[in-house]
Every structure is written in structure tokens, then in C-alpha cells.
Amino acid sequence: MTDPYQNPTLITSDTISTSQTLMAEAQAQFYANRTGPWTSGPPDGDAFPPLSAITNNSTSIVSRVNKQTATQYLVNGSDPHVISGFSAQLKLLLSALRDESRAAYELLNTNYGSFSIANMRPLSRGSIKLQSSDPFQPPAIDPRYGSNPIDLEILSAAILFNRRILAQPSMQELQPIQLYPLPDADNATIMNIIKAGIRTEYHPSCSCPMMPLNMGGVVDPNLLVYGTQNLRVVDASIMPLIPASHLQAVMYGIAEKVNIQSQQRDLFD
């Protein structure tokens, strides 16, 4: 969702990046006292609202999630262990969507006029399959984005919530113009835009979850891959569910814990 700001007095990151004079001024200000435009990254605003804060339909959405079965939107023929694991995850996701203090989606507001949204509690599940015994051949990956219709409904609610944000007096001072989707876009148009543009936010995770083997887990609590020796996975793929935050700090914690465990093993070996 892009909203260029039309206020002629507003200086954005795009304005600075296309002006040698403004770029030099920003550089000088930063090196002089560590202030100014160079202290601001592209996403100036970042929020993690709960479902109840963005739509009056949250109770209905939660009720429909509660009525879903674990196999309803999974890949046909899913392994019973995977079904068991997702059944447990579904309960956790339901609790998170119901909780008014936990995020349902992320809103990123860049300083050049863009509101992007990310579903933090996706119910859809994709598939990853080996294509051959050749370890250098990439696996077949099907994200199946939006295969659970609740995910699409939450993204639609987030886009409508963005309209409410743009209508606030402080945002109106920037003179935003909503271009995509247009302000008068109906629900069907918004849904078509979501389906055509849905994609990863460059933070892939959860494909090798740390869960019991009989629940579809790939690694154990020591991050050892089940059925192997001396093979660990230490990255964002071991998270069973997406945390309602960016993954960097979480990964620091995982890596630090693994490092401590490694030092303890070295100490007693």
C-alpha cells in the first residue's frame, strides 16, 4: 500500500537521495553531532497491533478459527505427525489472535510514503519436499500463501485499518495520496490485490521446527536433526511459530544459547 506524501515542505529519504546538496548536508549533520536524516532508517514507523485493534470483526474471525480442524487447509495427504503438530499450533495461534495484548500483524511505515503489512499469525502451511538424493539440488518449496482464508481476511482488515491511519489529522498534514489500492477500492478488489501481491517479507522461518518428532519436528531441544549425528540447524527455521517481532533479536538469543551449550560440552568432554 503506497501513499506518496504531497506536502511540498516535506523532505523524505527519496528527496535526500536524489539531491547532492541535501545528502551532503545530512552527512555533515550526522558527523557533527549524530543527528539528522542519517539517523533514520527507511521504516520510520513500526507497529504490531492486535486483531481487536484493527477490526470490529475480530470476534467473528476468532470464532471461525476455533471451528477449523487441523486438516482442513493443510496439504492433502499430510503426514499424521505433521497434522498432530499443527493441531497444537492451531490452539496457540487461536489464543494469540484472541489476546488483545498480542500482535496479529505488523505495520511498517516508511518515510518515503509506503505502508506495508505482514501477517504475524499465519494459519496457512506450505510444503518442502526433496526432489532427489542430490544434496545440491534445491528442494521443491510451495509456500501456499493464503491457503487458509483467515490469513487473507486479516490482511484485508489491515489494509482497511491503514485507511483509518491515513485519515488521522497528523497524517493528513503530510497530504498523502493513496494509490494502491485506491481509497474507494471495494473488498473484492482489495482481496484480488492481496492474492496477486502476497509474498514473503524476506524473513523465512519455521521450516525445521524444534518440536517433538511425533509432532512433525525436525530438530530436538539441542537443535540436533532427528535421525542424524552431529548435524544441527541453528537459524530461524527452528522456530515452531513466528514470533510477533522481527527475527534478529530472537536469533541472537538462539545463537547465544547454542554457543553456551557448545562451551559446556567442550568443558566436560
How big is the gap, in Å, between the Cα center of the range 162-236 and the Cα center of the range 72-143? 8
On C-alpha positions alone, give me the angle between the axis of helix 149-166 and the longest principal axis of the chain, in degrees, nearest 10. 20
Counting all Cα-Cα pairs in the range 118-233, those more than 23 Å apart amount in percent to 51
Residue order, fewest to most surrounding Cβ atoms within 10 angstrom, among Glu25, Glu256: Glu256, Glu25
Taking 0.36 nm per intervening residue step and subtracting the Cα-Cα distance, what contour gain separates Val233 from Arg199 on full extension? 9.8 nm
Sticking with the crude label model, points 7 Å out along Cα→Cβ, report the distance from Asp134 to Leu108 in nm, one decimal please. 3.4
Given Cβ charges of +1 for Lys and Arg and -1 for Asp and Glu, the option among Leu90, Gln137, Ser13 whose Cα lies farthest towards the positive end of the dipole of the chain is Leu90
Using only alpha carbon pairs under 8 Å that are at least six residues apart, calculate the relative contact order of the range 204-269 and give it in whole percent. 28
Over the chain - Rg/Rh using Cα atoms and the Kirkwood inverse-distance radius: 1.03
Expected sort for Tyr180, Tyr145 with the fewest Cβ neighbours (10 Å cutoff) up front is Tyr180, Tyr145
Helix-only mean residue ellipticity at 222 nm for the chain, each DSSP H run of n ≥ 4 adding -39500 (n - 2.57), per residue, nearest 500: -12000 deg cm²/dmol
Could you tell me the relative contact order of the range 91-162? Use alpha-carbon pairs under 8 Å, at least six residues apart, and round to a whole percent. 25
Pick from Asp184, Asp99, Asp46 the residue whose mean-square fluctuation is largest in a GNM of the chain, springs joining Cα atoms under 10 Å. Asp184
So how far apart, in nm, are the two label points at Lys257 and Gln27 if each is 7 Å from Cα heading toward Cβ? 4.4
Within the chain: Cβ-based charge dipole about Cα centre, in debye rounded to nearest 20 (Lys, Arg +1; Asp, Glu -1): 680
Report the gain in length on full extension from Leu179 to Gln20: 0.36 nm times residue separation, minus Cα-Cα distance, nm rounded to one decimal. 54.4 nm
Computed over the range 13-202, the relative contact order (Cα-Cα under 8 Å, seq sep at least six) in percent reads 19
FRET efficiency for Ser87 and Arg164, using Cβ-Cβ distance with R0 set to 25 Å, rounded to 0.05: 0.10
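Every number here is computed from the coordinates shown, using simple stated rules; none is lab data. None of the values given here were measured: they were computed from a predicted structure. Using ideal geometry, Cβ is built from the backbone for each residue, glycine included, and neighbour counts are taken over all protein chains shown.
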